[in-house]
1. Quick check on region 291-308: of everything there that is near the ligand (Cβ under 9 Å from one of its atoms) and of a type in the set (A, V, I, L, M, F, W, C), which residue is nearest to Pro48 (Cα to Cα)?
2. So which residues in region 266-306 are of a type in the set (A, V, I, L, M, F, W, C) and in a helix (DSSP H, G or I), if there are any at all?
3. Show the residue pairs that are 6+ apart or on different chains and have beta-carbon atoms under 8 Å apart, the first residue being within region 176-198 and open to solvent by 10 Å² or more (accessible area, probe 1.4 Å), the second being acidic (Asp, Glu).
4. Condition check: modelled with pLDDT under 95 and open to solvent by less than 10 Å² (accessible area, probe 1.4 Å). Does Gly166 satisfy that?
5. Determine if region 49-66 includes at least one residue that is free of Cβ contacts under 8 Å to residues at least 40 places away in the same chain and open to solvent by 30 Å² or more (accessible area, probe 1.4 Å).
6. Can you tell me which condition Tyr239 does not meet? The list is (1) within 26 Å of Ser81 (Cβ to Cβ); (2) more than 15 Å from the ligand (Cβ to nearest atom); (3) of a type in the set (Ser, Thr, Tyr), and all the others hold.
7. Residues that are of a type outside the set (Asp, Glu) and within 13 Å of the ligand (Cβ to nearest atom): find the helices (runs of 4 or more DSSP H) completely inside region 90-206 holding 3 or more of those.
8. Out of everything in region 89-114 that is among the basic types (Lys, Arg) and closer than 23 Å to Glu131 by Cα, what residue ends up being most open to solvent (accessible area, probe 1.4 Å)?
Amino acid sequence: MQEPELLDNPLVVIENQLEKSTLEKVNDPFLKTAGVNLWMKRDDRLHPIISGNKWRKLKYIVEHALSVQACTLISMGGQYSNHLHALAFVGKQLGLPTKAWIRGEPPVKFNSTLKDLVDWGMELEFISRSEYRELRKIKGHDGLPEKYGVGYWLSEGGANPLALRGVAELVLEINEPCDYFCLPCGTGTTLAGIASTGTGRFSVLGFVVFKGGAYLEHEISALLPHQITPESWQLNLDYHFGGFAKTSPQLLAFVDTFMATTGIMIEPTYTGKMLYGIYDLVKQKHFKKGQNIIALHTGGLQSIRAQI
Ligand SMILES: *Cc1c(COP(=O)(O)O)cnc(C)c1O
């Protein structure tokens, strides 16, 4: 029997589709020799479509949107955006209209991500990079100027204090010892959610996946509750590989070797860059022998589907 109050909650439609996010030891002779224990928190397993950290971030935002009777969910993102992909699917599941402002010229041929957005009923509008930068500044859910549409606004990547609560729940699922909690950072919202738990159990180490990400320090601090000390988390800016979604032969070779050695599928935009960074830090003896590192698999595998 389900709890009666759960049945009243429309989000249960999605909650019922969720799979367990497990914690798995990464078996790699390289790590064994180095004496470091690496675990992966498999949030990529949470849902077949709403990738990795995206449902964690959306859950309480969408709950809030429903509570204020939002008519449409409006957001922004790039042409391969995992955030928009998740949002469009959630909107379709809940029967809530969705709309997105997408960076750049409309492509002649839509990629698989954009096709899914259209199939799930999301209204797409393309805007110039300079306009996109302006939109980025709008944070509040009711702050969207009318020319961009009327509805509940979700800023880029769902960066919103409500997102932290959903992310924090993943920390509660972990009982194993942990010295470092590592994750890739786009907007840094997921990092803020992890750090917001303030358990004191581990240091949070975020790998920024684009160039010039030092400003994230400020954005993350602004999302965090005041009692969270800056010493409990830090950003590593060294593994951006030239910019967002940029790669190098070394990175791609690393991703291939990692998948072949461990059997864990990853993509090079987020989780691949983080793991490259972790392995490099292991080589530099940044971690002590016997330490436990948990790396968050944030999913995002939809973005690397063959483009047909
Ligand atoms: C969105 C995303 C991130 C970044 O999350 P932020 O909260 O914006 O830092 C990391 N990994 C994947 C796969 C993502 O889709």
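The values are calculated or read from the model by the stated rules, or taken from the named source; none is laboratory data. Quick caveat, the model's predicted, so the values are computed rather than measured. Here the Cβ is made from the backbone with ideal geometry for all residues, glycine too, and neighbour counts use every protein chain on show. Surface accessibility is based on the protein's heavy atoms, side chains included, excluding ligands, DNA and RNA. Shrake-Rupley method; radii C 1.70, N 1.55, O 1.52, S 1.80 Å.
1. Looking at the filtered set, the residue picked out is Leu301.
2. Filtering region 266-306 for residues of a type in the set (A, V, I, L, M, F, W, C) gives 266, 274-275, 278, 281-282, 287, 293-296, 301, 304, 306.
Residues satisfying the conditions are Met274, Leu275, Ile278, Leu281, Val282, Leu301, Ile304.
3. Every condition considered, the pairs that remain are Thr187/Glu156; Thr187/Glu219.
4. On the way: modelled with pLDDT under 95: no; open to solvent by less than 10 Å² (accessible area, probe 1.4 Å): yes.
Answer is no for this residue.
5. Looking only at region 49-66, we keep the residues that are free of Cβ contacts under 8 Å to residues at least 40 places away in the same chain, and these are none.
No, the conditions are met nowhere in region 49-66.
6. Tyr239 satisfies all of (1) within 26 Å of Ser81 (Cβ to Cβ); (2) more than 15 Å from the ligand (Cβ to nearest atom); (3) of a type in the set (Ser, Thr, Tyr) except (2).
7. Working: elements: 112-119, 129-136, 161-172, 189-195.
So the answer is 161-172, 189-195.
8. Narrowing region 89-114 to residues among the basic types (Lys, Arg): 92, 99, 103, 109.
Those still in the list that are closer than 23 Å to Glu131 by Cα too: 99, 103, 109.
Numbers: Lys99: 24, Arg103: 62, Lys109: 141 Å².
So the residue we want is Lys109.
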